[in-house]
Amino acid sequence: MSAVDYQIDGQTYEGWFVKPAGSSSLPVVVIAHAWGGLSANEKQKAQIVADEFGYAAFAIDVYGKGKRGTTQAENEGLMYPLVGNRAELQKRLAGGLAAAKAQPGVDASKTAAIGFCFGGLCVLDMARAGQDVLGVASFHGLFRPAENIPAPKIKAKVLIEHGWNDPMAKPDDVLAIAREFAGADWQLHAHGKAVHSFTTLEANAPEAGSAYDADADRRSFAYLKTFLAELLG
């Protein structure tokens, strides 16, 4: 495992690469981070992908090296400019995807992407923008459509793992994304007791609708394992 610097438009970004020992020509799973930036949570998910699923994993960075949030205000200051400028976000996602495909021992023809919270929106945008991934999986993601792609033609397969009580993606938002992705190969699993951040171990703000849920975490990753096996072999 190692930190990996890469460049987009002259700016440095810092990803995180993990690969099972002694393996080569492996599929790679790109991991998109939550609103605070690339953190221990995404690194933990990358380790699961490598250790339990047997794929390489590359956690991307869409904020820039050293740009991380530690408070709600800082996180919002990092995330909202990109939520409001989806073309820029998609460019940074494409740069992270290219960096993942360039890592040693990776089979660039077999790539998928997963994301958490804001990262869920990111991987859905990778599908909306037609980026070169076989499939994407969004965990407790944001569903806001991309204004620069009003009628996306989704080619990637899509998995959405959703907490039904998530205040950031309400039932009407679920119906809206189902309409937006009509015609695509998509599936959605709604976890009845779960709220936002249900796979994030340190999430513990139930009053704000954000909390870890061990059952939803375990079940959603079981669905992910099956989904990735279908995509990547």
(request) Looking at (1) among the aromatic types (Phe, Trp, Tyr); (2) part of a helix (DSSP H, G or I); (3) within 20 Å of Gly10 (Cβ to Cβ), find the lone condition where Tyr63 falls short. (result) (2)
(request) Quick one: count up the residues across the stretch 1-35 that are among the aromatic types (Phe, Trp, Tyr) and over 16 Å from the mean Cα position of the chain (by Cα). (result) 2
(message) I want to confirm something. Restricting to the stretch 201-233 and keeping residues that are touching a residue at least 12 places away in the same chain (Cβ under 8 Å) and assigned to a strand (DSSP E or B), which single residue is farthest from Lys170 (Cα to Cα)?
(response) Ala211
(request) Could you please give the count of residues in the stretch 65-76 that are surrounded by 14 or more Cβ atoms within 10 Å (Cβ to Cβ) and either among the small types (Gly, Ala, Ser) or within 21 Å of Tyr6 (Cβ to Cβ) (or both)? (result) 4
(message) Scan the stretch 42-60 and tell me whether some residue there is farther than 23 Å from Lys110 by Cβ, modelled with pLDDT of 95 or more and either touching a Lys or Arg at 6+ places or on another chain (Cβ under 6 Å) or buried (at least 22 other Cβ atoms within 10 Å of the Cβ) (or both).
(response) no
(request) Can you work out which of the residues in the stretch 158-173 that are farther than 18 Å from Ser210 by Cα and of a type in the set (A, V, I, L, M) is surrounded by the most Cβ atoms within 10 Å (Cβ to Cβ)? (result) Leu159
(message) If Ala94 meets every condition in (1) in contact (Cβ under 8 Å) with a residue 40 or more places away in the chain; (2) surrounded by fewer than 21 Cβ atoms within 10 Å (Cβ to Cβ); (3) not in a loop (DSSP other than H, G, I, E, B) apart from one, which number is that one?
(response) (1)
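The values are calculated or read from the model by the stated rules, or taken from the named source; none is laboratory data. Remember, predicted model here, so these are calculated numbers, not experimental data. Heads up, the Cβs are rebuilt from the backbone with ideal geometry, glycines too, and the neighbour counts pull from every protein chain shown.
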